[in-house]
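Peer 1: Got a structure for you, questions after.
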Amino acid sequence: MKNEWLSKMRAEQNYTQREFANAINMSYSMYSKIESKERRPSVENAKKIAKALGFIWTKFYEEDLGTTQLN
């Protein structure tokens with residue numbers, strides 16, 4: 001499973017994964033794992049990615065909101 005929306009936003013800016021990771025001062029390995037959903041970004045990394053691509057950083061965590069149950 002992949003963060004398709006993230007991959008699309010990055011590609012629309014004409015960045016490869018490696019170029020984008022370098023541009024935001026993140027390791028390629030870490031960025032690649034975030035985009036492929038192997039890892040969830042830390043708040044700090046979520047903010048870096050979101051700022052560079054122009055979206056709200058909490059988007060990374062929205063998927064979990066529908067599965068959280070309150071008792």
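Peer 1: Just give me the residues in segment 1-43 being among the charged types (D, E, K, R), loosely packed, with under 13 Cβ neighbours inside 10 Å and closer than 18 Å to Glu62 by Cβ, in sequence order.
Peer 2: Those that are among the charged types (D, E, K, R), loosely packed, with under 13 Cβ neighbours inside 10 Å and closer than 18 Å to Glu62 by Cβ: Lys2, Glu4, Lys8.
Peer 1: Name the pairs: first residue in segment 1-19 and under 11 Å from Ala52 (Cβ atoms), second residue at pLDDT 95 or above and of a type in the set (A, V, I, L, M), Cβ to Cβ under 6 Å, at least 6 apart or on different chains?
Peer 2: Qualifying pairs under 6 Å: Met9/Leu53.
Peer 1: Hey, another quick one. Taking Phe60 as the residue in question, decide whether it is at negative phi, surrounded by 11 or more Cβ atoms within 10 Å (Cβ to Cβ) and at pLDDT 95 or above.
Peer 2: The answer is no for Phe60.
The values are calculated or read from the model by the stated rules, or taken from the named source; none is laboratory data. It should be emphasised that the depicted structure is a prediction, and the values quoted were computed from it without experimental measurement. Glycine also receives a Cβ, built like all others from the backbone with ideal geometry; neighbour counts cover every protein chain displayed.
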